[in-house]
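Undergrad: Sharing a structure with you now.
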Amino acid sequence: MVLNETPQDAHPSNMRIETIGAVGMLVATLFAATVLTSRTAPAQVNDGPAPGQLTIMQKDGKVGDLCPLKKTTVNADVSGFGARVTVVQDFTNPSKEAIEAVYTFPLPNDASVDQMQMVIGNRVIEGEIKKREDARKIYDAAKQAGQSAALLDQERPNIFTQSVANIMPGAKVQIRISYVQLLKFENGQFEFNFPMVVGPRFLGNAPDPGKIAPPVTPKGTRTGANIDITVNLDAGAPIQSFNSVLHKVNVKREGDDRAQIKLAKADEIPNKDFILRYQTATDSIQDAFITHMGSKGGFFSLVLLPPKAPKATQIAPKEIIFVMDQSGSQNGFPLDKSKELTLKLIKTLRPGDTFNVLGFSNDVRSLWPSPRPNTPENMAEAEKYVQAMQANGGTQLRSAVESALMGQTDPKRLRLVVFNTDGYVGDEAAILDCIQKRRDTSRMFTFGIGNSVNRYLIDSMSLEGKGDAEYVTLAEAADGAVQRFIDRTSTPVLTDVSARFEGVQVDDSLPEALPDVFSGKPVVITGRYATAGHGRVTITGKLGGQPWSKTIELDFPAQASAPALESLWARKKVEDLERHNYFVSTRPEVDRNISDEITRIALEFGIMTQYTSFVAVEKRIVNVGGKQRTVAVPVEQADGVSFPAPTGLSLNYRSASSAGLMRGGFGGGTVTAAKALPVNEKLSDMALADPKAREKAVYETKVEKSLREATGKVEIQILMTKLDDEILAKLKKLGLKIDDSDKGLKVVFGSCDAKILKELAKLTEVDKITKL
């Protein structure tokens, strides 16, 4: 593999593409560049505290020195509908002994990750794709032997874990990861999204909580690294406007259709998604057909824009269920934004519609037992109900899905489920499986509320629910999202979509079942072809209940022009297989046929999946004996999430291997079993006025469920709002045997009899008590 080749070094003259539109040509140019590049923009110097710092724990549990993540550099080359992105993460080890770094980070959920390298000094170590368990064995053996090694695992389609063994004192380590993806497009507007932080997850129902909840920096602190993002945009059409939703950027125009967009601040805290939206002249966006013929055969991607359908003159009455997330992660601005959105949507209801409002946290509550007509009186009652909602407790999202999709009162009406959430859960498979089984008479429209939401779940919920996904950041008014929802639900949808290829043998056309297409959005088909030749594709469907079709003449060439299409097709194939049984995403034994096929495809095409990992090992030994300390990388608190304090932060004060590393996450407001405060104001006042009820609520909020059910001696971790010698003395007096504490991080480790947990929880300085 050539290491110094950049996208500019690829040779477009050697590429073959069927030019349906200018945008299609640019996509092919982009996909031709499949090698990693070390091309990065110069980082700005920052002498102050900065994001992403590794905290090294000593063997006795005390906090040692720091191993900062110095910089993350993101280079995205965007052309037409596609993007090739390289993520470079630079670490250094300022300690006096070797370390192993373990860090959890996000990537886009639709990214096809096909390359990884580790660079230590002047040594470049190429990552190889292996079965996950084989990669782990190779990595562990290298780690014990004292060799430099790196292991990249996928925990969810949007959550990854990087382990780096035997980082020597003073050494600098660079990890390079590359992926390809298609951009989201609607009504002439493209969106490029790069997630920066893994948001807090409710872990109560997660099958693998330790893999998706990295430790989080305490409130008021930063982790310690710079981030630099550069987007090189070649739109293929005149760019009319840019909008960086959550970050300040510098834009350098290079003609009507080209621009370079850079993050303005190098010391930006990486705690929210980078979202770049840009609008092009809608009449210049045309269908695109990109092809590639290589040793594995031919591959193609077709992006087709159906004609815009006129708004329906007659709109049938609907039954609309509004579902609002009231869990702890929605506290403050997110819930306020959710309320704003819901109230504006309610005001758009038509006279013949019926509706209901559900709220959920640890349980599900509804405004009425069943939907009611849209009358002024019912709207006023709904507004009062929504305004009184408060956020607290866990995220029983699956229960909310079940409640929203069951018991339809009028089968003649189309039921629309409008779901507001941040998606901060760990049981995505169970939720998506539930939607698949209950979606028959409903369409689900999801609204991601927040600045760093779980897009994998929110996108997939709308896909399985035959609806659409919308994202509302805390920096935006809800009006745009409301209007797009109105447009989607009042404009005929292209349904019963199918594709028929003729003239050329096409195999594995994906997705297997084409989804319904809302006005302004494209039909996207990825597939394989056996031999070169001329052919055609006919797309058919129903638009507004009337038959619709479109036939396009296509050339399927024999030239190698866009090799990234191979990994893009493989990623889409894996996604299609996962939809047959979502539970295989974390439990391969559920369906071995599916998990084995996913593994086979991933190994053949060299892409990341839940069953395959990248591993890189240097042959020479750099750490004789292999002794090292394991480091868990803390991440920033997600922007807009306003828990009282980040809780559940696990500092790994006991020895741990990278395979079983104890990672924390958020407990308060996520894994707490406390009931959410009732939306009824009088009930809330009564609960606060009753000392026993208040004491019970405090106990259930501060002490996790497993500890409340425990007996005998328990080992615990206590997160404090304040910690000094006087408070430590209080804890000892109540019966806590203190093993270790850190006043800076405000955390105490120790053991006690479970009987004294109630007394510990009564201390105002105690924020959260979790089990070790």
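The values are calculated or read from the model by the stated rules, or taken from the named source; none is laboratory data. Worth saying up front: this structure is predicted, and the values here are computed from it rather than measured. A quick note on method: Cβ atoms are made from the backbone with ideal geometry, for glycine too, and the neighbour counts reach across all protein chains shown.
Undergrad: For region 116-139, name all the residues that are in contact with a Ser or Thr (Cβ under 8 Å, 6 or more places away or on another chain), under 12 Å from Val615 (Cβ atoms) and not aromatic (Phe, Trp, Tyr).
TA: Answer for region 116-139, where residues must be in contact with a Ser or Thr (Cβ under 8 Å, 6 or more places away or on another chain), under 12 Å from Val615 (Cβ atoms) and not aromatic (Phe, Trp, Tyr): Met116, Met118, Ile125, Ile129, Lys130, Lys131, Arg132, Ala135, Arg136.
Undergrad: Please state which one of Leu457, Leu432, Leu463, Leu414 is touching a residue at least 12 places away in the same chain (Cβ under 8 Å), assigned by TED's automatic domain parsing to the domain that holds Val357, touching a Pro at 6+ places or on another chain (Cβ under 8 Å) and not aromatic (Phe, Trp, Tyr).
TA: Leu463
Undergrad: Name the residues in region 569-582 that are hydrophobic (A, V, I, L, M, F, W, C) and more than 23 Å from Pro108 (Cβ to Cβ), would you?
TA: Once the filter is applied, which keeps residues that are hydrophobic (A, V, I, L, M, F, W, C) and more than 23 Å from Pro108 (Cβ to Cβ), region 569-582 yields nothing.
Undergrad: Something else about it: With respect to the numbered conditions (1) crowded, with 18+ Cβ neighbours inside 10 Å; (2) in contact with a strand residue (DSSP E or B) (Cβ under 9 Å, 6 or more places away or on another chain); (3) touching a residue at least 40 places away in the same chain (Cβ under 8 Å), which one is the sole condition not fulfilled by Ile598?
TA: (3)
Undergrad: Hey, any hits in region 543-556 for a residue that's at pLDDT below 90 and within 33 Å of the chain's Cα centre (by Cα)?
TA: Yes, region 543-556 contains a residue that is at pLDDT below 90 and within 33 Å of the chain's Cα centre (by Cα).
Undergrad: Tell me which residues, restricted to region 715-747, are surrounded by fewer than 19 Cβ atoms within 10 Å (Cβ to Cβ), in a strand (DSSP E or B) and touching a helix residue (DSSP H, G or I) at 6+ places or on another chain (Cβ under 8 Å).
TA: Ile738
Undergrad: Which of the residues belonging to region 312-348 are within 26 Å of Gly407 (Cβ to Cβ) and charged (D, E, K, R)?
TA: Scanning region 312-348 gives Lys318, Glu319, Asp325, Lys339, Lys347.
Undergrad: Could we say that Gln174 is more than 24 Å from Pro270 (Cα to Cα), of a type outside the set (Asp, Glu) and assigned by TED's automatic domain parsing to the domain that holds Thr92 here?
TA: When the stated conditions are applied, Gln174 does not pass them.
Undergrad: In addition: Considering each residue of region 583-610, count those that are of a type in the set (Lys, Arg) and not in a loop (DSSP other than H, G, I, E, B), and give that number.
TA: 2
Undergrad: I need the strands (runs of 3 or more DSSP E) fully contained in region 227-293, keeping only those with at least 3 residues that are touching a helix residue (DSSP H, G or I) at 6+ places or on another chain (Cβ under 8 Å).
TA: In region 227-293, there are no strands (runs of 3 or more DSSP E) which contain 3 or more residues that are touching a helix residue (DSSP H, G or I) at 6+ places or on another chain (Cβ under 8 Å).
Undergrad: For region 386-503, give me every one of the strands (runs of 3 or more DSSP E) that falls completely inside it and has 3 or more residues that are touching a strand residue (DSSP E or B) at 6+ places or on another chain (Cβ under 6 Å) and crowded, with 21+ Cβ neighbours inside 10 Å.
TA: The qualifying strands (runs of 3 or more DSSP E) are 414-421, 442-449, 469-472.
Undergrad: With the condition kept exactly as written, say whether any residue in region 372-379 is buried (at least 17 other Cβ atoms within 10 Å of the Cβ), without any contact (Cβ under 8 Å) to a residue 24 or more places away in the chain, outside any loop (DSSP other than H, G, I, E, B) and not charged (D, E, K, R).
TA: Within region 372-379, one or more residues are buried (at least 17 other Cβ atoms within 10 Å of the Cβ), without any contact (Cβ under 8 Å) to a residue 24 or more places away in the chain, outside any loop (DSSP other than H, G, I, E, B) and not charged (D, E, K, R).
Undergrad: Shifting gears a bit: From Leu543, Leu554, Leu565, grab the single residue that is more than 30 Å from Thr491 (Cβ to Cβ), touching a strand residue (DSSP E or B) at 6+ places or on another chain (Cβ under 9 Å) and either free of Cβ contacts under 8 Å to residues at least 24 places away in the same chain or surrounded by 15 or more Cβ atoms within 10 Å (Cβ to Cβ) (or both).
TA: Just a single option satisfies the conditions, and that option is Leu565.
Undergrad: Still on this structure, please answer the following. Of the residues Phe202, Phe185, which is farther than 18 Å from Val425 by Cβ, of a type outside the set (A, V, I, L, M) and either buried (at least 20 other Cβ atoms within 10 Å of the Cβ) or more than 25 Å from the chain's Cα centre (by Cα) (or both)?
TA: Result of the check over Phe202, Phe185: Phe185.
Undergrad: Write out, first by first residue and then by second, each pair whose Cβ atoms fall under 6 Å of each other, whose residues are 6+ apart or on separate chains, and whose first residue, in region 697-713, is of a type in the set (Phe, Trp, Tyr) while the second is at pLDDT 90 or above.
TA: Every condition considered, the pairs that remain are Tyr699/Lys758; Tyr699/Ala761.
Undergrad: Right, next: Just to verify a result, which residue in region 385-413, among those that are touching an Asp or Glu at 6+ places or on another chain (Cβ under 8 Å) and over 20 Å from Leu335 (Cα atoms), is modelled with the highest pLDDT?
TA: Among them, the one singled out is Arg413.
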